[in-house]
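Trainee: Submitted below is the structure of interest, expressed as structure tokens.
Here, each number is a calculation from the coordinates, and none is a lab measurement. Small disclaimer: the values here were computed from a predicted structure and weren't measured. Positions of Cβ are generated from backbone atoms using ideal geometry, with glycine treated the same way; all protein chains shown enter the neighbour counts.
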């Protein structure tokens, strides 16, 4: 006999017994759903074989390696006192995570309308599941680059972990920023379907302005004034400052991107709530 | 109280045809221990009502209160991911409903009769196989209320008989909520009836009364 999930006795007022019991029950459901979505996404994305998952790592590894090698061969030296490969990897890897998460957020709802007919599955669950999976993959890719750099071009791993505690903090902040961006992107795509197309055009030029090939510090003040409004450039500067032992930027502001992320998150939540409350959304019959 | 509809209104907006009110301020209670049949002509809003009750869709205004587990519409398979195998979809459903994967897969492989195809991607399934998988799965999850939309009939005649037998066995623990435009179907399965007409739902204590009213408003 199935249990009654919604029937919880007790005081239903805010912060009453029943309120807490219901909150706990819905958080447990959310955890179960996100867990199930992560497994489902990893199966659909990488297929059933181990080669499938390996390919999911190899694909971005090749793409990023080509960029790193191309820029290294151009003989350009980075703006920081570290090997160019370290400079590029610490910028490109987190940036690609963010960019792909925003793209996946944009399609999270439209690609999963069937999934949303299960009453316990919410759009936010799909976005969180996707971003968590991407984050785990990105983490593995970053480690593979560190190991690869050590064995191929003899760069000690310490070049990537200048301040381990700070790096952890920067990584968590980056995750928060990315999750908020992806959620905002998913909400935006639900009210403006054209956002998916807009993003596919926007996402290409945006990476020239995001501080992957330069640091905010090394820019001339006139250019910096504009790039300074780009929150992802601050995030990358922050990440690099924590990762590269010989680099500590003086010009980034950690609170600016976090504030932007919080605004993204709030707008995303409001749109999500309104669409849920009015039921004004495409459905699969 | 089992399922309570409170002031349910559903408005669809379309760029071409403007606003359309499909359900208008519906209030109803579906009590535990009774099976209900909802009558209505095509396009009256029966399916919309069912989607709202089973949570696949949300109302524009109003709320659904419930203290039972409600199935998805019987045989509904659009929620399956077609690039995943039947078994992977089954595992997903077990995870979100917190059911034992082994128990459920034993039941489904026995009941759905799709054999080794359960390890094939769902995109290779015929529509009948998809519906069988969805049906077997909803039986294995053991919901307290089963939602049956006439537009989703499951499998061939033999399989339908099997489904009926399974519902007979479940009478004590599960109720049925069924829609149809044919009074005979409702008479066969249900204890109580209701009629959806012009966006309004009228509930009756007996199926016969509901059928009379249905014939009156449509005939």
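Trainee: Quick check on chain B: of the DSSP beta bridges with both residues there, what percent are antiparallel, nearest 5%?
Mentor: 55 percent
Trainee: I want to verify a result. In a Gaussian network model of chain A, Cα cutoff 10 Å, which of these has the top mean-square fluctuation: A:260, A:127, A:270?
Mentor: A:270
Trainee: Could you state the number of Å between the C-alpha centres of region A:190-234 and region A:87-106?
Mentor: Between the Cα centre of region A:87-106 and that of region A:190-234, the gap is 12 Å.
Trainee: How far is helix B:127-141 tilted off the main Cα axis of chain B, in degrees rounded to 10, range 0 to 90?
Mentor: Helix B:127-141 and the main axis of chain B meet at about 90 degrees.
Trainee: Output the relative contact order of chain A, whole-number percent, from Cα pairs under 8 angstrom with separation of 6+ residues.
Mentor: Relative contact order for chain A comes out at 23 percent.
Trainee: Kindly put A:53, A:226 in sequence by how many other C-beta atoms sit within 10 Å of each C-beta, fewest to most. Don't skip to the answer; put the middle values down first.
Mentor: Numbers: A:53 17, A:226 10.
In increasing order of surrounding Cβ atoms, one gets A:226, A:53.
Trainee: By how many degrees, 0 to 90 and rounded to 10, does the Cα axis of helix B:207-218 deviate from the longest principal axis of chain B?
Mentor: Taking Cα atoms only, the helix is inclined about 60 degrees.
Trainee: Listed highest first by mean packing, meaning other Cβ atoms within 10 Å per residue, what order do A:236-242, A:61-67, A:263-269, A:199-205 come in?
Mentor: Top to bottom by mean Cβ count within 10 Å: A:236-242, A:263-269, A:61-67, A:199-205.
Trainee: Okay, next question. Please report the relative contact order for chain B, taking Cα pairs under 8 Å with a sequence separation of at least 6, and give it as a percent rounded to a whole number.
Mentor: Relative CO of chain B lands at 29 percent.
Trainee: While we're looking at this one, here's another question. Say R0 is 45 Å: what FRET efficiency, to the nearest 0.05, do residue B:42 and residue A:67 get from their beta-carbon distance?
Mentor: Numbers: r = 58 Å, r/R0 = 1.29.
That pair, residue B:42 with residue A:67, gives E of 0.20.
Trainee: Let me ask another. At 25 °C and a viscosity of 0.890 mPa s, what translational diffusion coefficient does Stokes-Einstein give for region A:50-278, taking Rh as the Kirkwood radius over Cα pairs? Give it in µm²/s as a whole number.
Mentor: Translational D for this selection: 133 µm²/s.
Trainee: How much of the DSSP bridge set in the protein assembly as shown is antiparallel, in percent, rounded to the nearest 5?
Mentor: Working: 20 of 35 bridges.
In the protein assembly as shown, DSSP labels about 55 percent of beta bridges as antiparallel.
Trainee: Rank these for me by crowding, B:198, B:58, going from fewest to most other beta carbons within 10 Å.
Mentor: B:198, B:58
Trainee: Run lengths n ≥ 4 of DSSP H only: what is the helix-derived mean residue ellipticity at 222 nm for the protein assembly as shown, with -39500 (n - 2.57) per run over all residues, to the nearest 500?
Mentor: Numbers: 16 runs with 271 residues, N = 504.
Mean residue ellipticity, 222 nm, calculated: -18000 deg cm²/dmol.
Trainee: Would you mind checking the tilt of helix B:101-112 against the longest principal axis of the Cα atoms of chain B, expressed as 0 to 90 degrees and rounded to 10?
Mentor: For helix B:101-112, the angle is close to 80 degrees.
Trainee: Normalising by the residue count of region B:70-142, find the relative contact order in percent from Cα pairs under 8 Å and 6+ residues apart.
Mentor: Relative contact order for region B:70-142 comes out at 47 percent.
Trainee: Classify chain B from the C-alpha gyration tensor, please: rounded if a/c falls under 1.5, else prolate or oblate depending on whether a/b exceeds b/c.
Mentor: Because a/c hits 1.5 or more and a/b exceeds b/c, chain B counts as prolate.
Trainee: Let me make sure I get this right: for the protein assembly as shown, a, b and c are the square roots of the gyration tensor eigenvalues over alpha carbons, sorted descending. Under 1.5 in a/c it's rounded, otherwise prolate if a/b > b/c, else oblate. Which is it?
Mentor: Prolate.
Trainee: By counting other Cβ atoms within 10 Å of each Cβ, how are A:138, A:262 ranked from fewest to most?
Mentor: A:262, A:138
Trainee: Rounded, prolate or oblate: pick one for region B:70-142, where a ≥ b ≥ c are the square roots of the eigenvalues of its C-alpha gyration tensor, a/c under 1.5 means rounded, and failing that, prolate if a/b is larger than b/c, else oblate. Don't skip to the end; give the middle numbers.
Mentor: On the way: a/c = 1.37, a/b = 1.26, b/c = 1.08.
In terms of gyration-tensor shape, rounded.
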